[in-house]
Each structure stands twice: as structure tokens, then as C-alpha cells.
Amino acid sequence: MIVAMQDNATDEQIQHVIERMVELGFNVHRTTGETQTILAGVGTPAHFEVTEFQVLGGVAQAYRISSPYKLAGRGFRPEGTRVTFPNGLVVGGEEVVVMAGPCSVESREQIRLSAQQVAAAGGQFLRGGAFKPRSSPYSFQGMGLEGLKLLREAADETGLLVITEVMEISQIELMLPYIDCFQVGARNMQNFNLLRELGHVRKPVLLKRGIAATIEEVLLSAEYILSGGNYDLMLCERGIRTFETYTRNTMDISAIPVLKKLTHLPVLGDPSHGVGKRDLVPPMALASVAAGADGLLMEMHPNPDKALSDGAQSLFPEQLTKLVERLRRLAPVVDRVIAPAVSKIHA
């Protein structure tokens with residue numbers, strides 16, 4: 001159930017509604033927008049009448065939610081969620097953010113150069129895998145803790161934020177001092193134990209769509225994180241597996257406007273995994289922004305031909321620079337702007 005309070009509802013009226021919802025057996029999640037407080041009741045009380053809440057003092061509207069995702073649905077935050085990072089960057093507003101970097105952290109020199117190139121191109125986030133889930137057990141698996149330290153060092157030198165993938169619960173505490181955003185990869189979209197734990201963390205999370213997941217399944221996975229109280233959540237379309245074999249995956253651009261309609265959460269696009277071929281990444285990145293994406297997550301490597309993982313889909317530095325320039329020209333057409341580049345770059 002959703003209870004939307006009146007703009008001038010008092011704290012006492014809001015608290016009275018919360019107490020009544022709790023009495024009925026609801027788990028209440030409260031969100032306060034610019035002018036209105038929304039109360040979301042999660043759970044399945046045996047009997048209740050929504051009309052009871054419609055007549056309570058301070059209530060503007062009360063209604064049942066028919067969808068299985070109560071907190072991820074747009075009704076919980078009609079104005080949309082904006083995820084704010086420590087440096088003031090906001091995802092989910094007017095600005096479109098750029099997250100870029102190599103698939104894996106390979107060395108101090110490689111990740112430091114990558115950070116400088118991402119910052120110079122106009123990015124705001126440095127991405128890179130410290131822990132790498134690979135299809136083959138014999139492939140490079142990442143540098144672990146040392147990789148996290150190198151990511152943080154390189155980001156601090158350039159003023160970038162850090163996003164990297166978390167694979168299991170035991171890594172969460174280890175990663176907290178070094179990162180600004182957790183990334184949940186496609187393989188872990190339905191790792192519900194991991195999602196529950198991330199719901200208790202007060203640090204932003206980027207949740208990627210699973211390789212064969214429906215849009216409803218993505219939103220239900222988001223519900224696990226939101227139900228723990230972590231509302232700083234972003235979704236990412238990264239392509240799904242279809243019968244097409246020319247590209248690594250089929251980049252479902254239509255999922256971006258669909259998600260923007262169904263949920264209040266920011267939605268990003270990952271064209272690198274979406275197509276798996278670097279020459280196709282720029283057009284799919286442009287298409288993602290045109291479709292309403294709040295940001296892009298892309299792979300860029302100083303020397304893709306020698307990358308230890310995903311070199312074929314990684315942009316050359318000059319390609320990233322040119323792409324960001326094109327994005328700056330495109331964004332105003334859809335009433336957006338590309339977030340300003342960080343200015344702190346060290347040689």
C-alpha cells in the first residue's frame with residue numbers, strides 16, 4: 001500500500017499513519033520529497049481497508065499496489081531518486097554521468113594511466129575490477145585487495161569516484177574504505193543473500209540486469225536492496241542473451257525508457273557488455289542517452305590489444321574522448337547535459 005501525505009501534513013499526522021500501518025502488520029518505508037511525504041507499506045496483512053487511510057488526517061491519497069515490487073515502483077518516489085556522492089555529483093538529475101575504465105586492474109601503472117585518461121576525456125567515475133568473475137576458472141581473476149588500493153589511489157590522484165564489482169558478502173566490509181559505489185554484476189543479479197546485505201550498507205549500489213532477466217525480475221532484485229533501507233540504488237541495462245550471435249549480447253535499449261516509466265531509480269546503460277565490440281560501443285552509448293539513460297558504464301583501456309580481459313570491447317582512450325564530445329552535443333536534444341569533467345588531473 002502507498003499512502004501519499006498532503007503537502008502540509010504535520011509530523012504528528014504522519015506518525016499517526018505510520019503507527020496504524022505498523023499495527024496492521026506493514027513494514028513501513030518513508031520517503032520525503034521536496035513537497036510530499038510518501039509512506040510505503042510492505043507486507044501482506046490479512047485484512048485491511050484502504051479507505052480507512054484515505055480519511056485519516058493529513059492523507060492526500062492511499063491506494064493498494066498491485067505490482068510485486070513495492071519500493072522500486074515509481075509510486076514510492078514519483079519525483080524520482082537522485083543518488084548523491086561525497087563530491088556532490090548527482091545521478092538521476094539533469095546531468096548524465098560517465099563511468100569508464102578497464103575491465104580489470106592489472107598494475108599500478110595501468111590503472112593510474114587509465115584514471116588520467118578517463119578524467120581527461122571528461123568522465124566522473126573510474127571503473128575497474130579488483131575481483132573478476134570469469135566464465136573460465138583459468139582466466140585472470142583480478143588483484144583483490146591490492147587492486148582496490150590501486151583503484152583508490154588512482155582515483156584520488158585524478159578526482160574521480162570509484163565503482164567496482166562486489167561478488168560475495170565477505171567482500172563488502174573489505175571494499176568499503178576504498179570505493180564510492182558497489183557494482184552488482186549480471187551473474188549476481190539474483191544472488192539474494194548478497195542483495196540483502198547490500199540493503200544494509202549505506203553506500204550507493206549499481207545493479208546490473210541479469211543475462212536472461214526480465215524487467216520485472218530486475219525490479220524484484222532491486223526490491224531486496226531497497227527493503228533493507230538502502231535507497232541509493234541505480235539500475236543498469238547491459239544487454240541480454242538472445243539467439244543473435246554477431247554481438248556478445250543484445251543491447252535492449254527499449255529497457256531504458258521502460259524502466260524509467262516503471263521505477264523511480266536512475267537507469268544507466270553499459271554498451272560495452274551490451275555488444276562486446278568496441279566499434280559498436282559509441283553508437284549504442286549515444287542511443288542509450290537518447291533513450292533516457294542517466295549515465296553510461298563503459299570499458300576503456302590504455303592498450304586494449306594487451307588487456308588481460310575484455311580487450312575486444314574496450315575503447316581506446318581517444319575513442320572515449322571523442323565519444324564524450326559527441327555526447328555533449330547530443331544531450332541537450334533530450335533536455336540533458338553531460339556532467340562536468342573533474343578538473344584535478346596529475347601527470
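Filtering the range 22-52 to residues that are in contact (Cβ under 8 Å) with a residue 24 or more places away in the chain, farther than 20 Å from Asp232 by Cα and in contact with a Gly (Cβ under 9 Å, 6 or more places away or on another chain) leaves Leu24, Phe26, Phe48.
Take Phe125 and tell me if it is modelled with pLDDT under 95, of a type in the set (A, V, I, L, M, F, W, C) and either assigned by TED's automatic domain parsing to the domain that holds Arg202 or over 14 Å from the mean Cα position of the chain (by Cα) (or both). The answer is no for Phe125.
Return yes when Gln190 is under 21 Å from Phe131 (Cα atoms) and either in a helix (DSSP H, G or I) or out of contact with any Leu (no Cβ under 8 Å at 6 or more places or on another chain) (or both) and no when it is not.
It is true that Gln190 is under 21 Å from Phe131 (Cα atoms) and either in a helix (DSSP H, G or I) or out of contact with any Leu (no Cβ under 8 Å at 6 or more places or on another chain) (or both).
Can you say whether Ser288 is among the hydroxyl-bearing types (Ser, Thr, Tyr) and either over 20 Å from Ser114 (Cβ atoms) or not assigned by TED's automatic domain parsing to the domain that holds Gly129 (or both), as far as the supplied structure shows? Here the answer is yes, as Ser288 does meet what is asked.
Inside the range 38-96, can you point out the residues that are surrounded by 13 or more Cβ atoms within 10 Å (Cβ to Cβ) and basic (Lys, Arg)? The answer is Lys70, Arg74, Arg77, Arg82. Only one of the numbered conditions (1) within 24 Å of Gly147 (Cβ to Cβ); (2) over 14 Å from the mean Cα position of the chain (by Cα) is violated by Thr214, and that is (1).
Out of curiosity, is Arg209 surrounded by fewer than 19 Cβ atoms within 10 Å (Cβ to Cβ) and basic (Lys, Arg)? Taking the combined requirement at face value, the residue does not satisfy it. Would you pick out the residues in the range 28-62 that are within 23 Å of the chain's Cα centre (by Cα), modelled with pLDDT under 90 and over 11 Å from Ile2 (Cβ atoms)? Of everything in the range 28-62, those that are within 23 Å of the chain's Cα centre (by Cα), modelled with pLDDT under 90 and over 11 Å from Ile2 (Cβ atoms) turn out to be Thr32, Gly33, Glu34.
When the range 233-255 is limited to residues that are buried (at least 22 other Cβ atoms within 10 Å of the Cβ) and under 18 Å from Gln183 (Cα atoms), the one that is farthest from the chain's Cα centre (by Cα) turns out to be Gly239. Within the range 243-262, the set of residues being in a loop (DSSP other than H, G, I, E, B), polar (S, T, N, Q) and either in contact (Cβ under 8 Å) with a residue 24 or more places away in the chain or in contact with an Asp or Glu (Cβ under 9 Å, 6 or more places away or on another chain) (or both) comprises Thr247, Asn249, Ser254.
Note on the range 157-180: residues that are within 21 Å of Gln117 (Cα to Cα) and surrounded by fewer than 21 Cβ atoms within 10 Å (Cβ to Cβ) amount to 4.
The condition of being among the hydroxyl-bearing types (Ser, Thr, Tyr) and buried (at least 22 other Cβ atoms within 10 Å of the Cβ) holds for only one of Ser314, Ser309, that being Ser314. Counting the residues of the range 128-154 that are modelled with pLDDT under 95 and of a type in the set (Lys, Arg) gives 2.
The values are calculated or read from the model by the stated rules, or taken from the named source; none is laboratory data. Just so we're clear, the structure is a prediction, and the values are computed from it rather than from any experiment. Cβ atoms come from the backbone with ideal geometry, glycine included; neighbour counts cover every protein chain shown.
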